[in-house]
Amino acid sequence: MAMFSQNPVLDGPNYSFAEAPQARADGFREHRFNPYTDNGGTTVAVAGDGFAMMAGDTRSTSGYSINTRFAPKVFKIGGSTSSQEDANILLSVVGFAADGEALKERLDAICKMYRYRHGKPMTVNACAKRLSTILYQKRFFPYYVYAILGGLDEENKGAVYSYDPVGSYEREQCRAGGAAASLIMPFLDNQVNFKNQYIPGSGVGHALQERERAPLPRSEVEILVKDAFDSAVERHIEVGDALQVMVITKDGIEEKILPLKRD
Amino acid sequence: MFMARSEYGKFFSDRLRVHVEGSTFSPEGRLFQVEYSLEAIKLGSTAIGVATSEGVVLGVEKRVTSTLLETSSVEKIVEIDRHIGCAMSGLQADARSMVEHARVESQSHAFNYNEPLRVESCTQAICDLALRFGESADGEESIMSPLWRRPAHCRLRRGRPQLYHAEPSGTFYRYDAKAIGSGSEGAQAELQNEYHKSLTIADAETLVLKTLKQVMEEKLDAKNVQLASVTKERGFRIYTDEEMAEVVGRLPAN
């Protein structure tokens with residue numbers, strides 16, 4: 001029924017920009033406009049000891065269909081050239097891919113203008129606040145995107161900032177976003193922030209002592225992130241195909257593409 | 001005699017002509033309004049800024065035109081943000097509108113980027129506005145404002161104290177020490193002799209007042225001059241009457 005639906009199976013209003021007017025018994029016709037699509041996919045970001053890691057799967061979906069198996073979700077931001085080789089910030093976007101792309105382009109343009117105007121690259125802290133204001137400026141027609149910003153702070157510590165679609169943001173140690181966020185986030189809580197991990201023999205009930213938190217080394221985070229995605233792919237149909245991982249350190253940004261299950 | 005407006009106007013689109021018609025060009029292609037404003041500054045009261053490694057000191061001469069004038073109402077040093085102050089000479093009304101612009105720019109930057117605006121960027125923002133005085137929306141009667149101002153500045157959290165001078169023409173330069181206004185020639189020469197890199201804030205206060213004293217027509221006292229400073233610890237601050245009296249008392253008598 002939905003005119004341009006790419007997903008006849010669901011037959012709902014979810015994936016279409018325009019629907020045929022619905023005729024009703026009382027003679028009125030109802031018109032609708034659906035400007036958003038959910039393109040699935042999942043992102044993960046972890047701030048570690050002197051680095052920040054941003055990862056996202058590369059599958060893009062519409063309902064049960066796969067649009068492409070390779071649509072990157074993690075971007076370099078704020079370089080002085082189109083190749084972004086001197087970029088100092090990473091942005092991951094998941095949700096509605098077109099909005100994510102538009103948001104990335106806009107933030108990048110703003111970072112470039114900032115460089116011209118102020119003669120220095122934007123700090124992650126400044127960029128984080130700016131991204132928040134960009135999102136909030138579209139408070140009543142939002143970018144349908146869960147964004148995560150990553151980089152190194154002024155003390156070269158890994159920094160991860162997570163956002164809701166209208167600009168609420170927070171600096172965190174780790175965050176999962178998108179389709180499988182609810183599968184991955186509890187895993188990260190436990191493995192990165194050591195939630196529900198107590199020191200054995202420290203007591204019972206309230207006397208239990210929490211395991212002390214410390215930023216994780218890079219080797220450990222790499223394994224953690226890959227495991228998180230492998231698990232998500234197993235249980236979520238919108239996640240899969242390949243894993244794009246970017247790591248930002250004081251020496252620059254490295255990018256890797258790892259295989260994921262394609263079923 | 002150099003009224004070239006209609007001839008110039010023909011070569012531009014309607015939109016551009018507003019800009020062209022509002023201004024008058026000299027044969028060298030300069031705008032008279034800008035030239036006049038540069039001259040006008042030389043008639044304004046003297047203002048001095050000195051940058052040290054500890055902070056920046058600004059000083060201005062208040063021309064007390066009447067014994068009935070409440071001297072505290074003469075405002076020639078203003079705060080733009082906690083870390084940026086500005087001393088001005090020339091048309092106060094024009095300066096005020098530029099200060100307003102700079103304040104908005106500074107707040108907007110802090111809002112959008114969660115960091116203080118850099119002094120150079122602030123000066124640039126002011127200079128952007130300086131040129132726009134010549135092309136106001138109504139076009140026809142707009143006048144390039146004779147205005148002069150010098151933002152003097154301060155330090156950002158991790159920045160160094162900086163002093164900038166913005167001309168009405170829209171250009172700006174950074175200085176260690178700069179004098180503007182009617183006494184600027186003599187004052188600048190004095191600053192040139194006395195300035196050195198290891199000045200303290202207290203040294204700078206005395207240097208500013210001593211220099212003002214030499215170029216002022218009236219006899220300098222705690223009422224007809226004003227000082228302000230921008231330091232890392234206290235940000236921008238205009239000196240109180242007591243502090244003014246203290247610095248004036250420090251000056252060598254002659």
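The values are calculated or read from the model by the stated rules, or taken from the named source; none is laboratory data. Bear in mind that the values here come from a model prediction, so they are computed numbers and not experimental data. With ideal geometry, Cβ positions are generated from the backbone for all residues, glycine too; neighbour counts draw on all protein chains shown. Calculation scope for accessible area: heavy atoms of the full protein, side chains included, ligands and nucleic acids excluded. Shrake-Rupley method; radii C 1.70, N 1.55, O 1.52, S 1.80 Å.
Taking Cα centroids, how far is the stretch A:216-261 from the stretch B:109-133 in Å?
Value for the Cα centre distance between the two parts: 41 Å.
Output the relative contact order of the stretch A:60-166, whole-number percent, from Cα pairs under 8 angstrom with separation of 6+ residues.
Once normalised by length, the contact order is 24 percent.
Evaluate E = 1/(1 + (r/R0)^6) for residue B:253 and residue B:71, where r is the Cβ-Cβ distance and R0 equals 35 Å; express this FRET efficiency to the nearest 0.05.
Plugging the Cβ-Cβ distance into 1/(1 + (r/R0)^6) gives 0.95.
Quick one: grab the alpha carbon gyration tensor of the stretch B:209-254, order the square roots of its eigenvalues as a ≥ b ≥ c, and give me rounded if a/c is under 1.5, else prolate or oblate depending on whether a/b is larger than b/c.
The shape class here is prolate.
Modelled label-to-label distance, residue B:218 and residue A:113, 7 Å Cα→beta-carbon offset: nm?
4.6
Quick one: accessible area per residue over the protein assembly as shown, 1.4 Å probe, rounded to a whole number of Å²?
51
Using heavy-atom solvent-accessible surface (probe 1.4 Å) with all chains present, what is the largest-first order of A:70, B:32?
Order by accessible area, largest first: A:70, B:32.
Could you work out the mean projected area of the convex hull around the alpha carbons of the protein assembly as shown, in square nanometres to one decimal?
39.4
Calculate for the protein assembly as shown the 222 nm mean residue ellipticity that helices alone would give, adding -39,500 (n - 2.57) per DSSP H run of length 4 or more and normalising by residue count, nearest 500 deg cm²/dmol.
-10000 deg cm²/dmol
Ignoring ligands and nucleic acids, what accessible area does residue B:233 show with a 1.4 Å probe (Å², nearest 10)?
Rounded to the nearest 10, that gives 140 Å².
So how exposed is residue B:61, as accessible area in Å² (1.4 Å probe, rounded to 10)?
10
Could you state the number of Å between the C-alpha centres of the stretch B:154-215 and the stretch A:121-144?
39
Output wanted: per-residue J couplings in Hz (rounded whole) for the stretch A:68-85, from phi through Karplus 6.51 cos²θ - 1.76 cosθ + 1.60, θ = phi - 60°, x for Gly and Pro.
These are the phi-based 3J(HN,Hα) values: 7, 8, 9, 10, x, 10, 10, 10, 8, 10, x, x, 8, 10, 5, 7, 6, 6 Hz.
Considering the stretch A:107-157, what Rg and Dmax in Å follow from its alpha-carbon atoms?
12.3, 36
Please compute the modelled spin-label separation between residue A:34 and residue B:24, points set 7 Å along Cα→Cβ, answer in nm with one decimal.
A separation of 6.8 nm, rounded to one decimal place.
Compute the relative contact order of chain A as a whole-number percentage, counting only Cα pairs closer than 8 Å that sit 6 or more residues apart in sequence.
Details: 587 pairs, mean separation 55.9, N = 263.
Worked out over chain A, it gives 21 percent.
For the stretch A:117-149, which residues drop by 20 square angstrom or more in accessible area between the chain on its own and all protein chains together (1.4 Å probe)?
A:118, A:120, A:125, A:126, A:129, A:130, A:133
In degrees from 0 to 90, rounded to the nearest 10, what is the angle of the helix A:218-235 Cα long axis to the longest principal axis of chain A?
It is inclined by approximately 30 degrees.
How would you classify the stretch B:28-124 from its alpha-carbon gyration tensor, with a ≥ b ≥ c the square roots of the eigenvalues: rounded for a/c under 1.5, else prolate if a/b is greater than b/c, otherwise oblate? Walk me through the intermediate numbers first.
Numbers: a/c = 1.83, a/b = 1.25, b/c = 1.46.
Verdict is oblate for the stretch B:28-124.
Could you tell me what percent of the accessible area of the protein assembly as shown is made up of carbon and sulfur, with a 1.4 Å probe and every protein chain present?
Values: 13600 of 26150 Å².
Carbon with sulfur: 52 percent of the solvent-accessible area.
Per-residue mean of other chain beta-carbon atoms within 10 angstrom of the beta-carbon, peptide B:115-124?
2
Accessible area lost on pairing A with B, both sides, 1.4 Å probe, Å² to nearest 100? Mind showing how you got there, number by number?
On the way: alone 13890 and 13300 Å², together 26150 Å².
That pair of chains buries around 1000 Å² in total.
Quick one: which residues, 5 or more positions from residue B:45 or on another chain, have an amide H under 5 Å from its amide H? H modelled 1.01 Å from N in the peptide plane, none for Pro or chain starts.
Hits under the 5 Å cutoff: B:90, B:182.
If contacts are Cα pairs under 8 angstrom and at least 6 residues apart, what is the relative contact order of the stretch A:111-263 in percent?
Numbers: 189 pairs, mean separation 21.2, N = 153.
Result for the stretch A:111-263 is 14 percent.
Would you please classify the overall shape of the stretch A:198-240 from the alpha carbon gyration tensor, given that a ≥ b ≥ c denote the square roots of the eigenvalues, rounded means a/c under 1.5, and beyond that prolate means a/b larger than b/c while oblate covers the rest? Don't skip to the answer; put the middle values down first.
Numbers: a/c = 4.77, a/b = 2.00, b/c = 2.38.
It comes out oblate by the Cα gyration axes.
Say the cut-off is 22 Å between C-alpha atoms; which of A:73/A:112; B:62/B:219; A:73/A:120; B:178/B:213; A:195/A:250; A:120/A:250 go over it? If you can, show how the numbers build up before the last one.
Numbers: A:73/A:112 20 Å; B:62/B:219 11 Å; A:73/A:120 26 Å; B:178/B:213 15 Å; A:195/A:250 29 Å; A:120/A:250 17 Å.
Checking Cα-Cα distances, A:73/A:120; A:195/A:250 exceed 22 Å.
For residue A:89, enumerate residues with amide H under 5 Å from its amide H, sequence gap 5+ or separate chain, H modeled in the peptide plane.
A:77
Which angle between 0 and 90 degrees, to the nearest 10, do you get for helix A:124-137 versus the longest principal axis of chain A when only C-alpha atoms count?
Roughly 20 degrees, rounded to the nearest 10.
Roughly speaking, what is the centre-to-centre gap between the stretch B:26-91 and the stretch A:33-72 when only Cα atoms are used, to the nearest Å?
Between the Cα centre of the stretch B:26-91 and that of the stretch A:33-72, the gap is 56 Å.
Using a 1.4 Å probe on the protein heavy atoms only, what accessible surface does residue A:183 show? Give it in Å² to the nearest 10.
80
Please work out the FRET efficiency for the pair residue B:174 and residue A:69, using the Cβ-Cβ distance as r and a Förster radius of 45 Å; give the result to the nearest 0.05.
0.25
Using per-residue counts of other Cβ atoms within 10 Å, averaged over each peptide, order A:55-66, B:48-59 from highest down.
Ranking the peptides A:55-66, B:48-59 by packing returns B:48-59, A:55-66.
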